[in-house]
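These notes concern the structure reproduced below.
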Amino acid sequence: MTEKEEQLKQISDIRNMMERSSRFISLSGLAGVFAGSFALAGAAAFYAYVNGNIHYGLGRGIAYYTQSLPVVLDDSFLMFCIADASLVLFLSLAAGIFFTVRNAKSKGQTIWDKTAQKMLFHLSIPLITGGIFCLLLMHYGLFGLVAPVTLIFFGLSLLNASKYTLDEIQYLGYSEILLGLVGCKFIGYGVTLWALGFGVLLIVYGLIMYIRYEAQPKEKKFW
């Protein structure tokens, strides 16, 4: 190795150290894969429940019951939706914590430092705001907007936290926001778009991140 190559390697190492100190790079792509799979399973359960109950959707279709106009839903149907979404959220969070901790340990990195705290703080602000807003939509019977609005606020949360983690997060955020806006326009397809955003996109993103940052034995650069 020549002197010039040695200097370039030292500069690269310094930049990597600076990047690691300012960004949370332990996010695991497998967490996205599992979260997306759970979301698809939750969406499939929703469609199966609706199509299995003639007074909920068979005949008039799901779009009738997810329109933006104020509607009154049966308590059992509403409870199913809440339970379905809660289970998907719980399993996704559990998978995210498990695979992120495992990834951090494999790289010898700290899982709960100031950078991770900043990322979670900026991630949580739009998520909490969006959750409250969705509860208000449900209160006023605007159920058709709930699914697309969750996509929009999820995308905003990713953008807000992207400066503290991998750059690719922001592109996923843009995609989620776009899907949410489309869902606000085409009421009745919100659950389908929700499955695409929280399911397919997260799986694709997770696989890309896993292949790029975890599957390769050599050290990756984070800029």
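The values are calculated or read from the model by the stated rules, or taken from the named source; none is laboratory data. All of these numbers come straight from a predicted model, not from anything done at the bench. Cβ: placed from backbone, ideal geometry, glycine included. Neighbour counts: every protein chain shown.
Annotations
- Against the numbered list (1) surrounded by fewer than 21 Cβ atoms within 10 Å (Cβ to Cβ); (2) under 26 Å from TYR47 (Cα atoms), PHE198 comes up short only at (1).
- So GLY131, is it surrounded by fewer than 17 Cβ atoms within 10 Å (Cβ to Cβ) and in a helix (DSSP H, G or I): yes
- Output for the stretch 88-106, where each listed residue is surrounded by 14 or more Cβ atoms within 10 Å (Cβ to Cβ), under 20 Å from TYR164 (Cα atoms) and not aromatic (Phe, Trp, Tyr): GLY96, THR100, VAL101, ARG102, ASN103, ALA104
- Positions within the stretch 71-80 being in contact with a Phe, Trp or Tyr (Cβ under 7 Å, 6 or more places away or on another chain), assigned to a helix (DSSP H, G or I) and at pLDDT below 85, in sequence order: PHE77
- When restricted to residues that are part of a helix (DSSP H, G or I) and either of a type outside the set (Gly, Ala, Ser) or over 13 Å from the mean Cα position of the chain (by Cα) (or both), the stretch 162-179 contains 12.
Listed here are the residues, each with its yes/no results for (1) touching a strand residue (DSSP E or B) at 6+ places or on another chain (Cβ under 9 Å); (2) assigned to a helix (DSSP H, G or I); (3) at pLDDT below 90.
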residue	(1), (2), (3)
LEU181	no, yes, no
ILE187	no, no, yes
TRP194	no, yes, no
PHE198	no, yes, no
LEU202	no, yes, no
GLY206	no, yes, no
TYR213	no, yes, yes
GLU219	no, no, yes
PHE222	no, no, yes
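- Taking the stretch 161-187 as the range and being in contact with a Gly (Cβ under 9 Å, 6 or more places away or on another chain), surrounded by fewer than 17 Cβ atoms within 10 Å (Cβ to Cβ) and not aromatic (Phe, Trp, Tyr) as the test, only LEU178 passes.
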